[in-house]
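The values are calculated or read from the model by the stated rules, or taken from the named source; none is laboratory data. Because the structure is a prediction, the values reported are computed rather than measured. Note: ideal-geometry Cβ built from the backbone for every residue, glycine included; neighbour counts use all protein chains shown. Just so you know, the surface numbers come from the protein's heavy atoms only, side chains and all, with ligands and any DNA or RNA stripped out. Shrake-Rupley method; radii C 1.70, N 1.55, O 1.52, S 1.80 Å.
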Amino acid sequence: MLVLFETAAGYAIFKVLDESKLQEVDSLYKEFETPEKANKILKLKHFEKFQDTTEALAAATALVEGKLGKSLKKALKKVVAKEAHEQLAISDAKLGGVIKEKLDLSCVHSPAVAELMRCIRSQMEALISGLPPREISAMSLGLAHSLSRYKLKFSPDKVDTMIVQAISLLDDLDKELNNYNMRCREWYGWHFPELGKVVTDNLAYCKTVRKVGDRTNVATTDLSEILPEEIEAEVKLAAEISMGTEVSEQDIGNIRHLCDQVIEISEYRAQLYDYLKNRMMAIAPNLTVMVGELVGARLISHAGSLLNLAKHPASTVQILGAEKALFRALKTRKDTPKYGLIYHASLVGQTTAKNKGKISRMLAAKTALAIRYDALGEDTNAEMGAENRAKLEARLRQLEDRGIRRISGTGKAMAKADKYQHKRRRRRKRRQRRNLRSQRTKRRKCLSVR
């Protein structure tokens with residue numbers, strides 16, 4: 001039997017001299033207590049040394065992914081050419097399947113092999129000749145650093161941080177935009193207060209103020225690119241009869257500068273939203289289909305990463321974001337909240353107040369499945385999310401139809417019929433109880449006469 005042993009310096013292939021020792025798994029460590037004992041069981045057949053850290057990193061990543069690297073393939077081909085009939089003991093069963101498929105070499109993986117690998121590791125310096133302990137230690141440290149950098153660079157969790165940062169920035173921009181819009185309306189309202197009532201959209205208001213400036217310029221300014229015709233006509237009419245105070249050119253200049261800031265931030269927010277939508281569809285397509293990109297991103301941000309979110313059960317996903325309300329309800333012994341961040345999903349929003357709890361519970365269950373599929377699955381399509389969403393929409397229609405049927409004419413007639421049947425049952429039960437009581441009294445009288 002041959003043994004494939006991976007080290008930071010290269011691949012070592014040993015020949016097992018006494019296979020009978022491998023059958024005694026519990027006492028195998030005793031045969032490796034000293035280098036002399038270990039050399040009686042194993043003999044080094046071939047050692048394929050790595051040329052540099054880059055080659056070692058490539059080999060390590062291939063092993064982690066269960067693939068056959070170039071250096072390992074080269075080492076095995078040298079051994080296979082000489083001893084093709086021998087079995088190869090390996091530590092990873094997945095790698096054994098690849099070796100069997102590519103090189104047609106029989107591989108063995110068992111508890112005895114795992115114990116043998118631990119024993120070889122304990123006497124590695126003595127079994128692999130020509131490698132000083134200092135060199136092995138330096139190569140191990142270098143490979144560990146390189147592998148950590150590689151994993152950090154391509155980690156799915158690090159991609160999640162982009163979503164977390166983007167949704168946090170989007171919320172901050174919304175707050176800043178609200179403050180700026182309020183300040184702009186209040187500031188310009190002293191000069192032209194009627195404009196705020198006519199133009200309700202904040203971005204259109206700021207564009208109008210930037211283009212018009214002083215209200216006396218409204219009559220000569222073309223606002224057709226910003227406002228519809230009827231609203232433009234209202235603005236021009238309101239400017240003629242405005243009750244606002246007069247302001248200086250310096251004040252108008254500052255207000256215009258504020259409007260520029262609002263327009264720039266709004267454009268950047270739209271760009272950031274598109275970026276977030278694309279990232280969510282790439283990383284969590286099923287979650288995005290179920291609850292939307294904004295709610296999905298907030299759930300990921302609240303949990304810390306997509307993998308952390310995948311570890312939460314559906315009951316936690318349902319109330320994620322409502323922790324304060326949950327603990328307050330537990331403390332005061334009142335009803336616990338039925339939804340948290342998931343309340344803002346479109347499916348919950350379009351439901352009547354009576355069915356919001358039911359739909360949020362069902363949506364949380366399907367969303368938990370979608371999150372796990374996105375975090376741990378290999379596919380990147382959104383078929384499962386679309387299928388589950390269609391089921392939830394059908395269930396929502398069923399719940400809404402049931403509510404409508406109850407208040408319709410047929411429903412009222414059925415309710416009256418049920419009430420009538422219930423009264424008849426009650427009368428029948430009363431009659432039976434009365435008869436039973438009379439029978440008992442008759443029986444007692446008969447017994448007393450006797």
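Rounded to the nearest 0.05, the FRET efficiency derived from the C-beta distance between L376 and E230 at R0 = 56 Å is 0.55. Listed by number, the DSSP H helices of the chain that run 20 Å or longer by alpha-carbon position along their axis and have mean Kyte hydropathy of at least 1.0 come to an empty list. Please label the shape of the stretch 284-398 as rounded, prolate or oblate, based on the square roots a ≥ b ≥ c of the eigenvalues of the alpha-carbon gyration tensor (a/c under 1.5 means rounded; beyond that, a/b larger than b/c means prolate, else oblate). Verdict is oblate for the stretch 284-398. Estimated from the Cβ-Cβ distance and a Förster radius of 51 angstrom, the FRET efficiency linking A219 and E267 is about 0.95.
Under the criterion of Cα pairs below 8 Å and six or more residues apart, the relative contact order for the chain equals 11 percent. Computed about the Cα centre, the dipole magnitude for the stretch 284-398 is approximately 920 debye when only Lys and Arg (+1) and Asp and Glu (-1) carry charge, each at its Cβ.
Given the alternatives (1) 26.1; (2) 36.2; (3) 49.2, mean projected area of the Cα convex hull in nm² as computed for this entry is given by (3). For the chain, a simple Cβ point-charge model (Lys and Arg +1, Asp and Glu -1, everything else neutral) yields a dipole of about 7160 debye relative to the Cα centre. In summary, the lysines within cross-link reach of K324, defined as a Cα separation below 24 angstrom excluding same-chain residues under 8 places away, comprise K175, K311, K334, K338, K354, K356, K358. Candidates I263, W190, I252 compared by Cα position along the dipole of the stretch 158-278: farthest toward the positive end lies I263, with charges placed on Cβ.
A full extension of the chain between L326 and E65 corresponds to an added length of 89.7 nm, given 0.36 nm per residue minus the alpha carbon distance.
The residues of the chain have, on average, 61 Å² of accessible surface per residue, using a 1.4 Å probe with all protein chains present. Cβ distances below 4.7 Å define possible disulfide partners, and in the chain the cysteines left without one are C107, C119, C184, C446. The apolar share of the surface of the chain, taken as the fraction of accessible area on carbon and sulfur atoms (1.4 Å probe, ligands and nucleic acids excluded), comes to 52 percent. Counting only Cβ charges, +1 for Lys and Arg and -1 for Asp and Glu, the dipole size of the stretch 90-215 around its Cα centre is about 280 debye. Calculated mean residue ellipticity, 222 nm, the chain: -22000 deg cm²/dmol, from DSSP H runs (n ≥ 4) at -39500 (n - 2.57) each, averaged per residue and rounded to 500. Within the assembled protein chains, the solvent-accessible surface assigned to E383 is about 130 Å², based on a 1.4 Å probe.
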